[in-house]
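Asks: Mind having a look at this structure? Questions to follow.
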Amino acid sequence: MIDKPPYPPILARDARYSEVNIELFGMTPFRSEISKLVPLALPVLVAQLLMASTSFVDTLMAGQASTVDLAGVGVGSSLWSVGAMFLVGTFMSINPTVARYCSLGDYKAVANYLQQGFWLAIPIAILLFILLNLNQLYLPGMIQDQHVLRVASGYLHGLSWGMPAVIGFFVLKPFSEGMAYTQAQMVSAAVGLAVNIPANYILIFGKLGFPELGGAGCGWATSISFWTMFATLFIYTWVHPALRLVPLFERLYAVEWCKIAFLLKTGLPIGLAITIEGSAFALVTLFIASLPATEIAGHQIAMNISYLAYMVPLSISTAITVRVASCLAKQGSPAADVALKAGLVLAVAAGFILALGIFLFRVELADLYSNDQNVIDMAAILLLFSIGFKICDSVAAPLQGALRGYHDVSIILVASIVAYWVVCLPLGYVLGLTDWLTPAMGAKGYWIALIAGVSVSALLLMLRFLQVHRRH
């Protein structure tokens, strides 16, 4: 039987969380919830941007070595990013579980679940280490240029030695989130980036007596960064007074398959959903490869800016997961309602601010990436489409966070499959590359399809949340 976190019986609506605008300690419940969400979301946002900056630094510094090194690092990091998305999603099941048991004061259960997460991480780390070192079995089928192949293979080999650390980081990260101390991941990401930059310089260009590894050095530098991030987060967990409430190191818990099965039942759909979404964006780039270089470059610029903007609703979604799980454990569904509504308002408001900023400064933003006026003009046009994309994300991401808080995640996977593989990719192909409905629209057709896909995802998530809400 799969272990389940406790759900307190809801006998009556909590008066503190009624729809009436009652003052609570001089603050309405809605305003009080906003004041809790913002401190949770901001460190997550900063940490996400810092970790994204690591990939940017790798690409930038590899490009300074040579075009071949840049290409090899690009292929290797793209392959790793798919695996990283899956891992992050899979271990997200720890977040609401920790929040629930922490809210109930059952810190021994928190310690047990976290150790089960580490038991689960061990075979995954071993498997990834083996797969990354067997890259000669699959890379030759993807890369024709032998010099690029050599760089990509070296990058993945160096990266493989960081697998135990990065997976340990992915386990401790949702633990600190569930405990409502998201500053921990922000500090560790900052330290990791600070180590990554000099490590790249030393290993890529062969400084301080180290051999000149070129682009392959980025893989080793990233591994060093992973170990630094994990060590920083581990020490933070060890010394922080609030996190030490959890007796993580008092005893070693044996493997409990029911708890591991619960973590997998909740985490695998999230990991698969994130991977499907990420693969859809990668496939869009592949599909438009036959278009003129101007459109491809403009698409890449618009996609990169949209990705950075997505960090805002994603961070709010993480905060909503913590708050919804905590509220369900302590006050029940009415309090969780307030957490979701506050998060939705916060995300939509941020979405409109981002949309306005993109609308007003789309040309200036594109100009940061290119000096080609044709590329800038194309990126500016596509950024107009991204505005609709951002508004839809501002609704879909908070709903995902709330459903994770309820431990109801199967619809997240279904919504991703339907939105991106059933709606987005086929519609994008029809609008972008064929004359079946309209004259071929090129990259613009795919961006219209992306808006349609995210809209479908938001609708499915809303319908499921209403069903879950009625059940509770």
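The values are calculated or read from the model by the stated rules, or taken from the named source; none is laboratory data. Predicted model only: the values in this text are computed from it and were never measured. Heads up, the Cβs are rebuilt from the backbone with ideal geometry, glycines too, and the neighbour counts pull from every protein chain shown.
Asks: Could you tell me whether region 307-317 includes any residue that is crowded, with 19+ Cβ neighbours inside 10 Å, at pLDDT below 95 and at positive phi?
Replies: no
For every residue, the table says whether it meets (1) out of contact with any strand residue (DSSP E or B) (no Cβ under 8 Å at 6 or more places or on another chain); (2) surrounded by fewer than 18 Cβ atoms within 10 Å (Cβ to Cβ); (3) assigned to a helix (DSSP H, G or I).
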position	(1), (2), (3)
LEU382	yes, no, yes
SER394	yes, no, yes
ILE412	yes, no, yes
ALA419	yes, no, yes
PRO426	yes, yes, yes
THR438	yes, yes, no
MET441	yes, no, no
TRP447	yes, no, yes
LEU459	yes, yes, yes
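Asks: Residues that are of a type in the set (Phe, Trp, Tyr), under 30 Å from LEU243 (Cβ atoms) and in contact (Cβ under 8 Å) with a residue 12 or more places away in the chain: does region 174-192 have at least one?
Replies: Our first condition is that a residue be of a type in the set (Phe, Trp, Tyr); within region 174-192, this holds for 175, 181.
Pick out the ones that are also under 30 Å from LEU243 (Cβ atoms) and you get 175, 181.
Add one more test, that the residue is in contact (Cβ under 8 Å) with a residue 12 or more places away in the chain, and what stays is 175, 181.
Yes, that holds for at least one residue.
Asks: In contact with a helix residue (DSSP H, G or I) (Cβ under 6 Å, 6 or more places away or on another chain), surrounded by fewer than 24 Cβ atoms within 10 Å (Cβ to Cβ), closer than 22 Å to VAL239 by Cα and not assigned by TED's automatic domain parsing to the domain that holds ALA319: is that true of ALA165 in this structure? Walk me through it before giving the result.
Replies: Details: in contact with a helix residue (DSSP H, G or I) (Cβ under 6 Å, 6 or more places away or on another chain): yes; surrounded by fewer than 24 Cβ atoms within 10 Å (Cβ to Cβ): yes; closer than 22 Å to VAL239 by Cα: yes; not assigned by TED's automatic domain parsing to the domain that holds ALA319: yes.
It is true that ALA165 is in contact with a helix residue (DSSP H, G or I) (Cβ under 6 Å, 6 or more places away or on another chain), surrounded by fewer than 24 Cβ atoms within 10 Å (Cβ to Cβ), closer than 22 Å to VAL239 by Cα and not assigned by TED's automatic domain parsing to the domain that holds ALA319.
Asks: OK, next. Among the residues of region 49-71, which ones are within 16 Å of TYR310 (Cβ to Cβ) and among the polar types (S, T, N, Q)? Steps first, answer last, please.
Replies: Here is the first cut: in region 49-71, the residues within 16 Å of TYR310 (Cβ to Cβ) are 49-53, 55-56.
Result: SER53, SER55.
Asks: Which is surrounded by 15 or more Cβ atoms within 10 Å (Cβ to Cβ) and within 25 Å of the chain's Cα centre (by Cα), of LEU132, LEU127, LEU104?
Replies: Numbers: LEU127 fails: surrounded by 15 or more Cβ atoms within 10 Å (Cβ to Cβ); LEU104 fails: within 25 Å of the chain's Cα centre (by Cα).
None of the other options fit; the residue is LEU132.
Asks: Related question: Taking region 14-33, which residues are surrounded by fewer than 19 Cβ atoms within 10 Å (Cβ to Cβ) and either modelled with pLDDT of 90 or more or of a type in the set (Phe, Trp, Tyr) (or both)? Walk me through how you get there before you give the answer.
Replies: If we filter region 14-33 for residues that are surrounded by fewer than 19 Cβ atoms within 10 Å (Cβ to Cβ), which is where we start, we get 14-16, 18-28, 30-32.
Across region 14-33, the qualifying residues are PHE25, PHE30.
Asks: Take ALA189 and tell me if it is among the hydrophobic types (A, V, I, L, M, F, W, C), buried (at least 24 other Cβ atoms within 10 Å of the Cβ) and under 19 Å from the mean Cα position of the chain (by Cα).
Replies: For ALA189, the condition - among the hydrophobic types (A, V, I, L, M, F, W, C), buried (at least 24 other Cβ atoms within 10 Å of the Cβ) and under 19 Å from the mean Cα position of the chain (by Cα) - is met.
Asks: Out of curiosity, is PRO269 more than 27 Å from ALA349 (Cβ to Cβ), in a loop (DSSP other than H, G, I, E, B) and not hydrophobic (A, V, I, L, M, F, W, C)?
Replies: Working: more than 27 Å from ALA349 (Cβ to Cβ): yes; in a loop (DSSP other than H, G, I, E, B): no; not hydrophobic (A, V, I, L, M, F, W, C): yes.
No; evaluated as a whole, the condition is false for this residue.
Asks: Still on this structure: Scan ALA254, ALA242 and give me the residue that is of a type in the set (Gly, Ala, Ser) and modelled with pLDDT under 90.
Replies: On the way: ALA254 fails: modelled with pLDDT under 90.
Just one listed residue meets the conditions, ALA242.
Asks: Filter region 333-383 down to the residues that are of a type in the set (A, V, I, L, M, F, W, C) and without any contact (Cβ under 8 Å) to a residue 12 or more places away in the chain and list them by number.
Replies: Scanning region 333-383 gives ALA349, ILE353, LEU356, LEU360, PHE361, LEU368.
Asks: Would you pick out the residues in region 192-244 that are surrounded by fewer than 24 Cβ atoms within 10 Å (Cβ to Cβ), part of a loop (DSSP other than H, G, I, E, B), at negative phi and not aromatic (Phe, Trp, Tyr)?
Replies: Correct list: LYS207, PRO211, GLU212, LEU213, HIS240, PRO241, ALA242.
Asks: Right, another one. Name the single residue that is modelled with the lowest pLDDT among those in region 85-101 being among the aliphatic types (A, V, I, L, M) and either over 23 Å from TYR181 (Cβ atoms) or surrounded by 23 or more Cβ atoms within 10 Å (Cβ to Cβ) (or both). Walk me through how you get there before you give the answer.
Replies: Taking region 85-101 and keeping what is among the aliphatic types (A, V, I, L, M), we get 85, 87-88, 92, 94, 98-99.
When the remaining residues are screened for being either over 23 Å from TYR181 (Cβ atoms) or surrounded by 23 or more Cβ atoms within 10 Å (Cβ to Cβ) (or both), the result is 85, 87, 92, 94, 98-99.
On the way: MET85: 85, LEU87: 90, MET92: 90, ILE94: 93, VAL98: 93, ALA99: 92.
Once the filter is applied, the top-ranked residue is MET85.
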